[in-house]
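So the structure is just underneath, and the comments pick up after that.
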């Protein structure tokens, strides 16, 4: 089965929201709708995909502000790791005055919902937040890394709940354990590969 990925840059912090769907069923998921739900919905319509779930790599406000508006249009379950549930729902989860707290958020589900024919594995990668995860599509050779790993960088760990030691361990033991050719779609910035980051990322070298 073919797998399709479409990136949409949203919000003032230029978050990468992703659509990932099965080319045969046209069903898939929305990953990190951080803002601009109408723009995301327009791209969904243009691709012809049918969302079956919203998946969140972590609970920071810049990655979740579009969830409420999107789910009002597409009433699908929202998944966030249990360790970030409190952050996701917190009214203090904001970056005032640039990013007010997200409103109209639905209760997240506990278990990964159906992903429309996509084989999605949740990889726990704490460090940026306690509940940070990456979404791995092993059959497609794709990883959605959120704010764990960037092209030439890593997620910040100076915010509440962050841990530099945990992030380093997550990248070394989880992300770098994947095949070198795995495409990495990060929460900000450009697409990269696991192999390229293992060779050149100045923050975490194997």
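Of all DSSP beta bridges in the stretch 1-90, what percent run antiparallel (nearest 5)?
Around 65 percent of the beta bridges assigned by DSSP in the stretch 1-90 are antiparallel ones.
With N denoting the number of residues in the chain, provide Rg(C-alpha) divided by 2.2 N^0.38 Å, to two decimal places.
0.94
Suppose each label sits 7 Å from its Cα in the direction of the beta carbon; what would the residue 45-residue 190 distance come out to in nanometres?
3.3
With the contact rule set at Cα under 8 Å and sequence spacing of 6 or more, what percent relative contact order holds for the stretch 31-186?
19
Starting from the Cα-Cα distance between residue 94 and residue 180, subtract it from 0.36 nm times their residue separation and give me the gain in nm to one decimal.
27.4 nm
Once Rh is set to the Kirkwood radius over Cα pairs, what Stokes-Einstein translational diffusion coefficient, in µm²/s, holds for the stretch 20-119 at a temperature of 10 °C and a viscosity of 1.306 mPa s?
Stokes-Einstein gives a translational diffusion coefficient of 117 µm²/s.
Given the -39500 (n - 2.57) contribution per DSSP H run of 4+ residues, what per-residue ellipticity at 222 nm results for the chain, rounded to the nearest 500 deg cm²/dmol?
Counting only the DSSP helices, I get -4500 deg cm²/dmol.
How long are the semi-axes of the equivalent ellipsoid of the stretch 1-74, taking √(5λ) for every eigenvalue λ of the Cα gyration tensor, in whole Å from largest down?
Equivalent ellipsoid of the stretch 1-74: 20, 12, 11 Å, largest first.
Enter the Cα centre distance for the pair the stretch 111-126 and the stretch 139-206, rounded to the nearest angstrom.
First find each Cα centre; the distance between them is then 18 Å.
Provide the percentage of antiparallel DSSP beta bridges, counting only those with both residues in the stretch 3-200; round to the nearest 5.
Here the antiparallel bridges make up roughly 65 percent for the stretch 3-200.
Here, each number is a calculation from the coordinates, and none is a lab measurement. These numbers come from a predicted model, not from an experiment. Cβ coordinates were reconstructed from backbone atoms using ideal geometry, including for glycine residues, and neighbour counts include every protein chain displayed.
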